[in-house]
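Worksheet: the structure to be examined is printed underneath.
The values are calculated or read from the model by the stated rules, or taken from the named source; none is laboratory data. Note that the structure is predicted; figures quoted are calculated from it, not measured. Positions of Cβ are generated from backbone atoms using ideal geometry, with glycine treated the same way; all protein chains shown enter the neighbour counts. Protein only, heavy atoms only, side chains kept; ligands, DNA and RNA dropped before computing areas. Shrake-Rupley method; radii C 1.70, N 1.55, O 1.52, S 1.80 Å.
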Amino acid sequence: MSEQDCRRRNLILEQNMWKTVLMICLPLALYQSMNQIFRVVDTRMAAHINSMAVSSVTHLGQINNMVSALGGGLAAGAGLEISRAYGEGDFLLVRSRVSSLYAMSLILGLCVLLILLPFHRAFLLLVNTPEEIITMGQMYFRVEVCSMSVRCFNNVYIAVERVRGNTRRILRLNIEIIAIKLVLTAFFVYALHGSMTMIAAATLTAELTLMFHGLRNTFFDNNIFRFSPKMVRWNKKVTLPMILISIPVICEKLAFSMGKVIVNSMSAVYGALMIGALGVSNNIGGMVTVLFVGFQEGASAIISQNRGAKNEQRALDAFLKVLTVNFVIGVIGFLVTGILINPISRMFAEGDAYFAGLIVTIYRYDIAAALTLGLNASVMALLYGYGKTKITMLINFARLFVFRVPVLWFLQNYTEFGERSVGLAMMISHIGVGTLSAVVGIYQVTEIKREIAEEQK
């Protein structure tokens, strides 16, 4: 272990929890926030092309997220097992799991490239993509497939750095790749008057830049997190636990992204611009909710490591601290975005008053996410930290396929709400998953306290 890794491990396992949560989670929250800004600016630049480009980028972006859920789920789930072994102090197992996880990510990335690149049109038709979006965004999606392949490795690299508590490096690298992406996109769109494909090309360049840094740090850093072909293991002790814990996470992320694609397709009955309006609304709300995700990811690593070190009370304390932080963020985000929604919508509409009105109509309901998803993210961190990924899968499945898709179908077919049905379905989904998360969280905390009390006896 390097001296820095020793200090970060000590921070997570022994020091003041407020300090730990803020030092580990805040860079991740900023990292997620910058990624969201990146998506918002991407959408804003697509609006410079035309409103249809916004809908195409939004819809195809959700499909990209669905495919990327494979690599993201593997990295998130396996990272929990690495984090637990790191907390236990079994550094040989950490080295083997890190090396094996990198090997799996490279294989997965290659499979994504070989399957989707030649059959991209059939795949887009399979997920019910409108023909006008396929016509406009077919080349865009092909370039994005290359980005998805590279992202399989990048997700694992970020997950490993998160286990190390090296969140400042994550933030620093993210600033670099976002700067590259934004500069290239602005140049392609505003200077060269390029198409959507050029936006995808800028994304691919940014992902390759991150991959370069990842390969350099993975292969040449002399520490226990370095990749070594000799340490790759395909056995029950090393890889099987990572695969088993990752399967529910992959299913959860895949189902969640697939549900969003389904919602986009259902929203298309109000016109292709409704897809764009829903995407913009999600991006605006995402400026708040991605902060929750950053604290969730950091807290799950803190909880998992402390659980590995048998610090159950400290793990529970981390959950309560993150819950408090997310509540404060949610209230502030609710007030700020609610007040500024009209000027923000006009910024994305490029003079299209109808499109701006659609955005406002959706977000007036979608804003409920700021008040409920912080609770959801905090409970998710607790469940991830304790390896209860099957429960997280069920919660996210319910979020889309109990509280959102059936509700939207009912509102569209049995009410006269019209375009407002999309916003109402989002609001009901946010409230529903928040309530479910609260129930699960209370039960889980009660069980942890009971186990702590029994151990103390």
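Quick notes
- Flag if Cys152 is surrounded by 23 or more Cβ atoms within 10 Å (Cβ to Cβ), farther than 18 Å from Gln36 by Cα and modelled with pLDDT of 85 or more: yes
- Contacts under 8 angstrom Cβ, first residue in segment 326-355 being open to solvent by 80 Å² or more (accessible area, probe 1.4 Å), partner in a helix (DSSP H, G or I) and small (Gly, Ala, Ser), 6 or more apart: Phe327/Gly374; Arg346/Ala356; Glu350/Ala47; Glu350/Ser51
- Looking across segment 419-443, the residues that are of a type in the set (S, T, N, Q) and closer than 13 Å to Asn376 by Cα come down to Ser429, Thr435, Ser437.
- Cβ-Cβ distances below 8 Å connect the following pairs, each with a first residue in segment 129-140 that is modelled with pLDDT under 75 and of a type in the set (S, T, N, Q), a second residue that is open to solvent by less than 90 Å² (accessible area, probe 1.4 Å) and part of a helix (DSSP H, G or I), and a separation of six or more residues or different chains: Thr129/His59; Thr129/Leu60; Thr129/Ile63; Thr129/Ser265.
- Filter result for Val288 (open to solvent by less than 40 Å² (accessible area, probe 1.4 Å) and touching a Ser or Thr at 6+ places or on another chain (Cβ under 8 Å)): yes
- Check on Glu176, surrounded by fewer than 20 Cβ atoms within 10 Å (Cβ to Cβ), within 24 Å of the chain's Cα centre (by Cα) and of a type in the set (D, E, K, R): yes
- Take the conditions (1) without any contact (Cβ under 8 Å) to a residue 40 or more places away in the chain; (2) buried (at least 18 other Cβ atoms within 10 Å of the Cβ); (3) under 24 Å from the mean Cα position of the chain (by Cα); Leu411 misses just one of them, which is (3).
- From Arg151, Arg162, Arg172, Arg121, residue being among the charged types (D, E, K, R), without any contact (Cβ under 8 Å) to a residue 24 or more places away in the chain and within 21 Å of Phe219 (Cα to Cα): Arg172
- Residues located in segment 229-259, provided they are open to solvent by 20 Å² or more (accessible area, probe 1.4 Å) and not in a helix (DSSP H, G or I): Val232, Arg233, Trp234, Asn235, Lys236, Lys237
- Entirely in segment 76-184, the helices (runs of 4 or more DSSP H) that have 1 or more residues that are closer than 22 Å to Asn235 by Cβ and not small (Gly, Ala, Ser): 91-116, 131-163
- Selected residue (criterion: modelled with the lowest pLDDT) from residues of segment 36-50 that are touching a helix residue (DSSP H, G or I) at 6+ places or on another chain (Cβ under 8 Å), of a type outside the set (A, V, I, L, M) and open to solvent by 30 Å² or more (accessible area, probe 1.4 Å): His48
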